[in-house]
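What follows is a short report on a single structure.
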Amino acid sequence: MIFSKKEIVLAYTVEKCPKCEKSHKRDFSEGDVLFTISSKCTFCDGITIIEKIFGEILQK
Ligand SMILES: [Zn+2]
């Protein structure tokens, strides 16, 4: 089996606002921890919580 050396792993963070229930995906940044308070909601005055962190592998 040959493994490609051009695999790129992209990590994403999904933030969800408990107030308006909107969620959005952004690039993972260092220090993101699941179920912690993240940033201000862009839709209302709520505070978003990190709901999901996941990675995608891109193969070129
Ligand atoms: Zn909101």
Could you look through the stretch 28-44, keep only residues that are open to solvent by less than 100 Å² (accessible area, probe 1.4 Å) and among the β-branched types (Val, Ile, Thr), and pick out the one that is nearest to Gly55 (Cα to Cα)?
Val33
Pick out the one residue from Lys25, Lys19 that is in contact (Cβ under 8 Å) with a residue 12 or more places away in the chain, part of a strand (DSSP E or B) and open to solvent by 100 Å² or more (accessible area, probe 1.4 Å).
Lys25
Return the residues of the stretch 39-60 that are more than 14 Å from the ligand (Cβ to nearest atom) and outside any strand (DSSP E or B); say none if nothing qualifies.
Gln59, Lys60
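The values are calculated or read from the model by the stated rules, or taken from the named source; none is laboratory data. Because the structure is a prediction, the values reported are computed rather than measured. Here the Cβ is made from the backbone with ideal geometry for all residues, glycine too, and neighbour counts use every protein chain on show. These area figures cover heavy atoms from the full protein model, side chains too; ligands, DNA and RNA do not enter into them. Shrake-Rupley method; radii C 1.70, N 1.55, O 1.52, S 1.80 Å.
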